[in-house]
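Trainee: One structure is given below, represented as C-alpha cells, and several questions about it will come after.
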C-alpha cells in the first residue's frame, strides 16, 4: 500500500515508526496502538511510504526517516528508522 505523508509531524512520526516496529507482528498478536495487524488483506509491513510533504524548513529536503525526528516534533522515539529514500518536499 503506497502512502504519502502530508505533514511530517508527531502523528506521522508515530505512524512511520510503528510501521517498522510492528512489521514482524503475527496476524493475531496484540499490538498497542493498532486494532489489527492485518486489515483487508494488508499487513502493517505492506505500507510503503513513497512521498512526504511539509512546510517546516528544518524538515524540507531531508529524508522522511530524519524529518520525523526534527523539532518541533517531540514524539517518543521507539523505533530506529533507516533511510527511506523519500525526501520531504515543500508543500
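Trainee: In the list 61, 33, which residue meets the criterion of being at pLDDT 95 or above, in contact with a helix residue (DSSP H, G or I) (Cβ under 9 Å, 6 or more places away or on another chain) and not in a strand (DSSP E or B)?
Mentor: Only one candidate passes the filter, namely 61.
Trainee: In region 2-28, what count of residues is obtained for those that are part of a loop (DSSP other than H, G, I, E, B) and surrounded by 12 or more Cβ atoms within 10 Å (Cβ to Cβ)?
Mentor: Qualifying residue count, region 2-28: 6.
Trainee: It is to be established whether one or more residues within region 79-91 are in a strand (DSSP E or B), on the phi < 0 side of the Ramachandran plot, buried (at least 18 other Cβ atoms within 10 Å of the Cβ) and touching a residue at least 60 places away in the same chain (Cβ under 8 Å).
Mentor: Yes, region 79-91 has at least one match.
Trainee: State yes or no: is residue 51 in contact with a strand residue (DSSP E or B) (Cβ under 8 Å, 6 or more places away or on another chain), over 24 Å from residue 31 (Cα atoms) and buried (at least 19 other Cβ atoms within 10 Å of the Cβ)?
Mentor: Judged against the criteria, residue 51 is not a match.
The values are calculated or read from the model by the stated rules, or taken from the named source; none is laboratory data. Bear in mind the structure is a predicted one, so any value in this text is a computation, not a measurement. Every residue, glycine among them, receives a Cβ derived from its backbone with ideal geometry; neighbour counts consider all protein chains shown.
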